[in-house]
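Just below is one structure, and these are the notes that go with it.
Just so it is clear, none of the values below were taken in a lab; they were calculated from the coordinates. This is a predicted model, so every value here is computed, not measured.
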Amino acid sequence: MSKDNKSQMITINDVEYDTATFTEEQIAMTNHCLDLDRKISNMNFQLQQLQVGKDSFLKMLTESLETVEIVED
C-alpha cells in the first residue's frame with residue numbers, strides 16, 4: 001500500500017474496507033500483513049525446492065547403495 005490516501009478497497013474477513021479511511025497504524029498493520037503474505041509465499045516456494053533437493057539426494061543415495069549391493073553379490 002502506498003503512503004498516499006488514494007481510495008483502494010481491500011477485503012478482510014469478507015468485509016470490504018476503504019484504505020483511504022485507515023489510520024497510520026492501520027496502514028502499517030496492513031503493510032505488515034501484505035509483507036508477511038509475500039514472505040510466507042516465498043518460504044513455501046523455498047520449502048518445495050528444498051524438499052525436491054532432499055528427495056533427489058535420497059534417490060541418488062538409494063541407487064548408489066543398491067549398486068554396491070549388486071557388485072558385492
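Any idea which residue in the range 17-46 is nearest to S7 (Cα to Cα), counting only those that are in a helix (DSSP H, G or I) and β-branched (V, I, T)?
Step by step, filter the range 17-46, then rank; the result is T19.
Determine, yes or no, whether Q49 is under 16 Å from the mean Cα position of the chain (by Cα), part of a helix (DSSP H, G or I) and polar (S, T, N, Q).
Considered against the rule, which asks whether it is under 16 Å from the mean Cα position of the chain (by Cα), part of a helix (DSSP H, G or I) and polar (S, T, N, Q), Q49 comes out as yes.
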